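Values in this text are rule-based calculations from the coordinates and carry no lab data. Note that the structure is predicted; figures quoted are calculated from it, not measured. Quick reminder, even Gly has a Cβ in these numbers, built from the backbone with ideal geometry, and neighbours come from all protein chains shown.
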Amino acid sequence: MCRFQIFSLSNTESKIHKNFQVFYTMVVLVAVSFLNTNCNSFEQGSYNCLAYKPKNKNAVSVKVSLSNSAIYVMEGEKPLLVTATCIGRQDTPTPIGTYKAFNKLPRKRSNTYGFHVRGNDIRSGKRINTPSKSKYVGYPMPCWVEFKTGYGFHTGYVHPVPRTHGCLRIHKNVAPKFFALVDEGTQIKIAESFPEDQTIGKKIRRPKDYKDSDPKNSYMVSKKYFDDLELKGSLFKEN
């Protein structure tokens, strides 16, 4: 016995509509996933931390909590700047102790890690391994504030896990504010934790600039790299 299926235009349209909805949903999910994993420019560009100008610069001090990966710039008990930081790895830890800031350099370059430049051929490498016919150009470390010989605060990617050789990296939108708040001689305390971790540092925002791909080597060795990082206008919010 032959069986005949009755053709229904409305049923066909309904199936097409459902298939389209499934396809559209999959496209949206893939796009969102791609943006979350590979493109965070909007979030990175908007990351910032408020900073307040001190009334008495001599009363300014800095606390760095390693367990919270946080920096607290204080004027007495008043927070002037609270920001996330990236600390040293286990094999190259950030030193614990009490120090004083010195050797502030707005356009510092590394004396150890950088690039071997020979014309348009620019390759990353250590200074001690620079080929005889190449010029060494250190990795840029803007807004450098040294606290112990070879260790300092500077602009750089703020990974959520220990990643540095002992230095303390600060997001590019925040490092100039830190640089302006801290003078040579400002006290800096670095410890595993501070009481501020449970108050002003409890819900600290974390940047995602570490998801960015590294800039071209030719850009990293140029003066323009520093020029582009300079913030325009006032760094501080009115009290």
Those trypsin sites (Lys or Arg not before Pro) from segment 69-137 that are DSSP loop and have at most 11 other Cβ neighbours within 10 Å turn out to be 133
From the Cα centre of segment 168-218 to that of segment 110-163, the distance in Å is 19
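Are there any GluC sites (Glu not before Pro) in segment 73-154 that are in a DSSP loop and have at most 10 other Cβ atoms within 10 Å? List them by number.
Taking segment 73-154 and a limit of 10 other Cβ atoms within 10 Å, the loop GluC sites (Glu not before Pro) found are 77.
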One finds, for residue 111 and residue 53 with R0 = 30 angstrom and r their Cβ-Cβ distance, a FRET efficiency to the nearest 0.05 of 0.35
Counting sequence-distant residues (5 or more places) and residues on other chains, those with an amide H built under 5 Å from that of residue 168 are 152, 153, 154
Taking a crude spin-label model, label points 7 Å out from Cα along the C-beta direction, the residue 213 to residue 198 distance in nm is 4.6
Quick calc: nm separation of the 7 Å Cα→Cβ label points for residue 205 and residue 238 -> 2.2
Hits in segment 67-83: amide N under 12 Å from the 7 Å Cα→Cβ extension of residue 102, namely none
In the structure shown, of 172/224; 172/223; 135/172; 100/172; 202/232; 78/104, the pairs separated by more than 20 angstrom at the C-alpha atoms are 135/172; 100/172; 202/232; 78/104
Simple SL model, points at 7 angstrom along Cα→Cβ for residue 133 and residue 184; separation in nm is 4.2
